[in-house]
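The values are calculated or read from the model by the stated rules, or taken from the named source; none is laboratory data. Keep in mind it's a predicted model, so treat the numbers as computed, not measured. For the accessible areas, the whole protein counts, side chains as well, though only heavy atoms, and no ligand, DNA or RNA atoms are used. Shrake-Rupley method; radii C 1.70, N 1.55, O 1.52, S 1.80 Å.
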Amino acid sequence: MFGKLNKGGANMFDYSKLLGLMTEKNYTQKKLCKVIDMSENTFTNKIKGRSNFASDEIVKICNVLGISTKSVGAYFFTPVV
């Protein structure tokens, strides 16, 4: 197990670095969701730990934001402390 689980059983990760990179690259949640073909509601649920990102979603986000394979863990798998 990576970190804490929320009530729904999803892992709770800290996505602050991902959100910071989105801001740095001028991607609003709405803009990123449109590019990766995900509803804003779904994205919000994932960022808030209500559900987890699927591997294909992570790949899409990494491709759009330029996150290297070496850095994926820092953006998607940092446990909430």
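Averaged over its residues, the chain has an accessible area of 64 Å² per residue, based on protein heavy atoms and a 1.4 Å probe. Across Asp37, Asp14, the residue with the most accessible area heads the list, and the full order at a 1.4 Å probe is Asp37, Asp14.
Amide hydrogen proximity for Phe13: with H placed 1.01 Å from N in the peptide plane, the residues at 5 or more positions away or on another chain lying under 5 Å are Val80. Rounded to two decimals, the Cα radius of gyration of segment 37-81 over 2.2 N^0.38 Å is 1.14.
When every alpha-carbon pair in the chain is counted, what percent end up more than 22 Å apart? That tail contains 17 percent of the Cα-Cα pairs. Calculated mean residue ellipticity, 222 nm, the chain: -13500 deg cm²/dmol, from DSSP H runs (n ≥ 4) at -39500 (n - 2.57) each, averaged per residue and rounded to 500. In order along segment 21-30, the Karplus-derived 3J(HN,Hα) couplings, from 6.51 cos²θ - 1.76 cosθ + 1.60 at θ = phi - 60°, round to 5, 4, 4, 4, 8, 6, 10, 6, 4, 4 Hz, and Gly and Pro are given as x.
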